[in-house]
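> Take a look at this one; I'll ask things after.
Nothing in this text is a laboratory measurement; each read-out follows from the coordinates by a stated rule. Keep in mind that this is a model prediction, so the values were computed, not measured. Every residue, glycine among them, receives a Cβ derived from its backbone with ideal geometry; neighbour counts consider all protein chains shown.
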Amino acid sequence: MSNLEEQLAKVRKLQSRATTAKMELYYLAEGLPINWTKVKTAGRKTFNAFAELEAAKEELATLENSQ
């Protein structure tokens, strides 16, 4: 498997993880004020997932442009 294919697979995996984190945060927010203490942790998890996804997308774009 080429680096480009590996990076594309990584982006897809991270996209799924970020979407899952986003939905967990959404459902947690829907239930407020129940479990309000978990919002900060869920928000941090979601932020980190999207930050990692963005970095992977940038790396993918670099790989695509180098070919």
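> Every residue in the stretch 1-11 that is loosely packed, with under 11 Cβ neighbours inside 10 Å and either in contact with a Pro (Cβ under 8 Å, 6 or more places away or on another chain) or not small (G, A, S) (or both), please.
Selection gives M1, E5.
> Filter the stretch 18-60 down to residues that are of a type in the set (A, V, I, L, M, F, W, C) and outside any helix (DSSP H, G or I) and give me whichever is farthest from the chain's Cα centre (by Cα).
Here the answer is I34.
> Considering each residue of the stretch 1-24, count those that are within 18 Å of E54 (Cβ to Cβ) and touching a Lys or Arg at 6+ places or on another chain (Cβ under 8 Å), and give that number.
Number satisfying all stated conditions: 2.
> Scan the stretch 23-67 for residues that are surrounded by fewer than 14 Cβ atoms within 10 Å (Cβ to Cβ), farther than 27 Å from E5 by Cβ and of a type in the set (V, I, T) and report the count.
Qualifying residue count for the region: 3.
> Moving to a separate point now. I need every pair where a residue in the stretch 31-42 that is under 13 Å from A21 (Cα atoms) has its Cβ under 8 Å from the Cβ of a residue that is surrounded by 10 or more Cβ atoms within 10 Å (Cβ to Cβ) and of a type outside the set (A, V, I, L, M), sequence separation at least 6 or different chains.
Sorted first by the residue in the stretch 31-42, then by its partner, the pairs are A42/E24.
> Still on this structure: So if I check each of Q15, Q67, Q7, which one is touching a residue at least 24 places away in the same chain (Cβ under 8 Å), assigned to a loop (DSSP other than H, G, I, E, B) and out of contact with any Cys (no Cβ under 8 Å at 6 or more places or on another chain)?
After ruling out the rest, the residue left standing is Q67.
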